[in-house]
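Input: a single structure, listed below in C-alpha cells.
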Amino acid sequence: MYIASNAVNQYTGATINLGDDTGVWPWSNGDSGDSNVAFRPEKGATYHMVFNVTSVDDGNPASGFRVRWLKDDSYDSHTAADAADVNANVYAADETATLIPALFSGTIATGETKTYKVDFTMDGSQEAEGLVGNIAIRGHYGETGFVINTIVITDADGNQLVNYDKDAAGTGIVQVKPVITNVYNTEGGIIVNGNNERVSVYAIDGRLVKQAIANQGTNISLQRGLYVVKVGAKNAVKVIVK
C-alpha cells in the first residue's frame, strides 16, 4: 500500500510500504498482510522508481525532494544509516539517483511540474536500527507545498509493481498489482495466476526452458520433469510436471 498525504501537517509526501516485519530481510509482513504492502522486494534486486510532482505555493513551496529509507510507515522513522547520510547523495533533476537517501536540492520552482527517477537496490547496506523497510518521498527542508501526481515502480525485467495516479486513484491509495502469484501443475504443464507478469521457467540444471507473460489462468505447456518457475519479482518455486 502506498500512503500519500499532501499538505497534511508534516506528513506531506508519500510512504511506500515494503513491510513491517524486522525478522526477515528485506522487510515483509507475512502472508496475512499482503494488502498492506506495495510489493515484496527481493534481496539483491534493483527497482526503478519514477515520480512526477508539482510544486505549489502553500506558503512553503517545495524546491526539492528527499527520497529516504524508513524503519516503518511513520513520518520521521528514518534508519540511522539514512539519517547519517541524508545529504551525501545529491542529484540534479534530470539525473537518475542510484542511492537512497537521495537529495534533489533546488531542482524545482513554484508552479513547476517535474519527473524524478530513482534506482534502488535491496542490498542490505541500509541496515541500521533494524532492517531496511519503507521508502519515503518528502519535501526538502520539510517543505510541504507539493502534489505527487504519479509514482511508478518497475523491476529489472520491466514488470510494473506500483502504478499510482492521483487523478485515477482519487483516494491517495496506490493501485498495485496483486502481491501473490499462484503456480501449480496440471497435465502437460503448469497454470500460472499472474497479472500481466513475465514467467521464466528453468530446468533443474538452470537452463531457461520457456518464457511467457501470465495473467489469470495462463496455461504453459511443459514436458514431464521438475522445474523452477519465477513470476515477475516473486520468489522462485519448484513445480513437478507429470
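No value in this document is a laboratory result; all are computed from the given coordinates. Because the structure is predicted, anything quoted here is derived from the model rather than measured. Please note: Cβ atoms are built from the backbone with ideal geometry, for glycine as well, and neighbour counts cover all protein chains shown.
At a glance:
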read-out	value
Added length on full extension, which subtracts the Cα-Cα distance from 0.36 nm per residue, Lys242 to Asp157	27.6 nm
Fully extended contour minus Cα-Cα distance, from Thr186 to Val209, at 0.36 nm per residue	6.6 nm
Potential extension, Thr96-Val50 segment - 0.36 nm per residue separation minus Cα distance	15.6 nm
Tyr202 paired with Asn87, simple spin-label distance in nm, labels 7 Å along Cα-to-beta-carbon	4.5 nm
Entries in Lys71/Lys117; Lys166/Lys238; Lys71/Lys166 that, when Cα-Cα distance is taken, lie over 30 Å	Lys166/Lys238
Per principal axis, descending, Cα span of the range 182-241 in whole Å	26, 23, 15
